[in-house]
Amino acid sequence: MIAYSINAALASGCFDDIVVSTDDAEIAEVSESFGASVPFMRPESLATDVAGTMPVVEHAIKSLSYNNQIQHVCLIYPTAPLINSINIAKAYHLFIKSNATYTFSAVTYPSPIQRALKFDENTGVEMFYPQYLDSRSQALTEAYHDAAQFYWGRVDAFKKQLPVFAGYSNIFRISRWHAQDIDTEEDWRYAELLFKLQAQSADNK
């Protein structure tokens, strides 16, 4: 799984070093076999199910012997098999050009979030935003969500653990065909289907 992210990072040509933070010896061995470096092992306190991402990145930066030479960092998740090197590189150029604090991958919602519904067995169906009941979908503001692939950022921002979703950030929009986070078995199956479709499309070009 992690090989997809490592290969994409390598192929992007954007990095001086690709570092994997892990507390697992097997993951470390696999990561190194695909060309990443594992110069430290993540401490137990940052390897729990409730550990935040920002403390992990901050620890990784400070653990590197050359940390005072780093200007830009890209956090890449290992659960993003549809990630590709072209998007990583294009997002980096956007990040540098825009002078943003962070630039991260984002994707549009397939339906307007203003017309989202909630369901309760006792109260039935309700709209989150009833004021948009009669609004045309085309007239509603397009909404995005985090694609959970990569996050370019300035090293000081990561060290300070500044929130990514803020006014000083911008997004790099990717297609919904190239975005699928993996949290469940259903996510994995859907990602496999998207991966196969992408492969078939490439074969037919």
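The values are calculated or read from the model by the stated rules, or taken from the named source; none is laboratory data. As the structure is a computational prediction, the values presented were derived from the model and not from experiment. Here Cβ is always computed from backbone atoms with ideal geometry, including for glycine, and neighbour counts include all displayed protein chains.
For the reader, a short list of remarks on this structure follows.
- When ASP183, ASP187, ASP156, ASP146 are checked against the criterion of being surrounded by fewer than 12 Cβ atoms within 10 Å (Cβ to Cβ) and among the acidic types (Asp, Glu), a single residue qualifies: ASP183.
- Residue within segment 115-133 that is under 29 Å from THR53 (Cα atoms), free of Cβ contacts under 8 Å to residues at least 40 places away in the same chain and surrounded by 13 or more Cβ atoms within 10 Å (Cβ to Cβ) present: yes
- Exactly one residue out of ALA8, ALA25, ALA36 is modelled with pLDDT of 95 or more and more than 22 Å from SER65 (Cβ to Cβ): that is ALA8.
Results for (1) under 26 Å from ASN84 (Cα atoms); (2) at pLDDT below 95, shown as yes or no for each residue.
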position	(1), (2)
PHE119	no, no
MET127	no, no
GLN131	no, no
ASP134	no, yes
GLN138	no, yes
TYR144	yes, no
ALA148	yes, yes
GLY153	yes, no
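- When TYR92, TYR102 are checked against the criterion of being in contact with a Leu (Cβ under 9 Å, 6 or more places away or on another chain), within 20 Å of ILE61 (Cα to Cα) and not hydrophobic (A, V, I, L, M, F, W, C), TYR102 stands alone in meeting it.
- Qualifying residue in segment 77-100 (condition: within 16 Å of HIS178 (Cβ to Cβ), under 16 Å from the mean Cα position of the chain (by Cα), in a strand (DSSP E or B) and at pLDDT 95 or above): no
- Top-ranked residue in segment 51-68 [being of a type in the set (A, V, I, L, M, F, W, C) and within 17 Å of ASP24 (Cα to Cα); ranked as surrounded by the most Cβ atoms within 10 Å (Cβ to Cβ)]: VAL57
- Qualifying residue in segment 193-204 (condition: within 22 Å of GLY52 (Cβ to Cβ) and surrounded by 10 or more Cβ atoms within 10 Å (Cβ to Cβ)): no
- Residue count, segment 1-45 (criterion: part of a helix (DSSP H, G or I), among the aliphatic types (A, V, I, L, M), without any contact (Cβ under 8 Å) to a residue 24 or more places away in the chain and under 17 Å from ILE76 (Cα atoms)): 1
- Enumeration of residues in segment 16-57 that are under 17 Å from the mean Cα position of the chain (by Cα) and not polar (S, T, N, Q): ILE18, VAL19, VAL20, ALA51, GLY52, MET54, PRO55, VAL56, VAL57
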